[in-house]
Amino acid sequence: MTPTDPAPIPGWLREILRCPACGSTLRDEAGPEHPELVCTATDCARAYRVEDGIPVLLVDEARRPA
Ligand SMILES: [Zn+2]
């Protein structure tokens, strides 16, 4: 693990994470302020921030793309 890792989440956990809004898989992004997990569904595309290595997978907290 290096400081440049966008989302230092354990692989086993990362594998089972899904978007809580639509159930799609998530990809790692750097994000404007925090690392983020971004939904891979283009019609959803919510971005969930990762705080201190813990993904905040809450629909109400998700960032929607402009
Ligand atoms: Zn989604």
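The values are calculated or read from the model by the stated rules, or taken from the named source; none is laboratory data. Everything numeric in this text was worked out from a predicted model, so none of it was measured. FYI the Cβ positions are ideal-geometry reconstructions off the backbone, even for glycines, and counts take in every protein chain you see. Protein only, heavy atoms only, side chains kept; ligands, DNA and RNA dropped before computing areas. Shrake-Rupley method; radii C 1.70, N 1.55, O 1.52, S 1.80 Å.
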For the chain, what is the accessible area per residue in Å², given a 1.4 Å probe and the full set of protein chains? 66 Å²
Computed over the chain, the distribution of all Cα-Cα distances in 5 Å bins, rounded to whole %, is 4, 20, 32, 26, 13, 4, 0
The farthest towards the positive end of the charge dipole of the chain, of the residues PRO10, LEU58, ALA21, given +1 on Cβ of Lys and Arg and -1 on Cβ of Asp and Glu, is ALA21
Using a 1.4 Å probe on the protein heavy atoms, what percent of the accessible area of the chain belongs to carbon and sulfur? 52 percent
